[in-house]
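Notes follow once the structure below has been shown.
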Amino acid sequence: MTNSLSTTSPDAPAVAAPASPVRRLVALGPWLISAAIVGYAFVFGGYIATIVAFALIYAVCVSGLNIFMGFTAQVSFGQNAFAAIGGYTSAVLTTAYEWAPLPAMAAGLAGALVFAAVIGYPTLRLRGHYLAMATLAIGLITYEIAVEWESVTQGYLGISGIPPLGIGPFEATSDREMLTVLTVIVALGAFAIDRIRRSRLGRALLAVAGSEEAAGALGIDVARYKLLAFLLAAGFAAISGSLFVHIVGYVSPEVFGLHMVILAFTMLYVGGLGTIAGPILGALVVSLLPETFRGFRDYQDLAYGAALILLLIYAPRGLAGLFAGLAARKEDR
């Protein structure tokens, strides 16, 4: 009898050789570019620092959307609803009730999660374009509530005088302080999402993305895991909404309109759906592209649109996917 411990099946995968330094460097490309952009903004400050700060706020929202769309292969046009809940909760509690920013953000996060759980349970029974339309309706309804509930949201006038982010005596008021805080938050979010993807939860989400029927046959509670992904996406969106109001010091309904949904989708697909670095790089690149083409004046929007089309044509898996493909080619050589 052959000892199974001492034999190797011809079909067994070979032990992967260590990645070459060149491949590792290319694979780290999205992270290095993102770090370079943030570092440049940190050194020079001013207007570029403001743009990068907004990009990092969007990166938090898009990272959450990536869990629902990239890992679970579902579609949501309602991220702006949860961002609005987080943002307005922080704004109201800190201005009308003099809460500190962190407890107000925690309350906004809790409110968004409760709302997501209530609407997610029936909504996630839908699939495909039905789910997309349902989540779009949720975002539009939330926007209308922000406009019409003037006694709380002040309608189009908005809420001003929102205190900056801070803990105790420390407040992030300068460009560099805001960038530092946002960079730490984005890095922690990316680390958490990477851990999620490597966990049992992440493997279940990827199984649902592959085939809901097959995942169910394997004993995976598809409805439960879809709801968990929806809650995670809502949580990240709520945090981004709170970050926005505390960084800007002002909030109005236009911030959380349909434009936010379109921009988040663009950032996700440009950066790379289903990747960890993609949402961050996509948010930075899409935020900086209009400034890059500002010299085109009347043709700025045309150049911006053409650049996005070219990116999607020649990098269909996003910029992070492009770097992953280049790293694989380097290894093959």
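Among the conditions (1) open to solvent by 60 Å² or more (accessible area, probe 1.4 Å); (2) modelled with pLDDT of 95 or more, Y143 misses just one, which is (1). Farther than 24 Å from R198 by Cβ, aromatic (F, W, Y) and free of Cβ contacts under 8 Å to residues at least 40 places away in the same chain, is that true of F296? Here the answer is yes, as F296 does meet what is asked. For the range 262-290, the set of residues classified as more than 21 Å from L28 (Cβ to Cβ) and either more than 14 Å from the chain's Cα centre (by Cα) or open to solvent by 10 Å² or more (accessible area, probe 1.4 Å) (or both) consists of I262, L263, F265, T266, Y269, S287, L289, P290, listed by residue number.
One line per residue, one yes/no per condition, for (1) over 25 Å from A283 (Cβ atoms); (2) surrounded by 13 or more Cβ atoms within 10 Å (Cβ to Cβ); (3) touching a strand residue (DSSP E or B) at 6+ places or on another chain (Cβ under 6 Å):
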| residue | (1), (2), (3) |
| --- | --- |
| A116 | no, yes, no |
| I119 | yes, yes, no |
| T135 | no, yes, no |
| E148 | yes, no, no |
| Y156 | yes, no, no |
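The values are calculated or read from the model by the stated rules, or taken from the named source; none is laboratory data. Since we're looking at a predicted model, the values are computed, not measured. Neighbour counts run over all protein chains shown; Cβ positions are idealised from the backbone, glycine included. These accessible areas exclude ligands, DNA and RNA; they are computed on the full protein's heavy atoms, side chains included. Shrake-Rupley method; radii C 1.70, N 1.55, O 1.52, S 1.80 Å.
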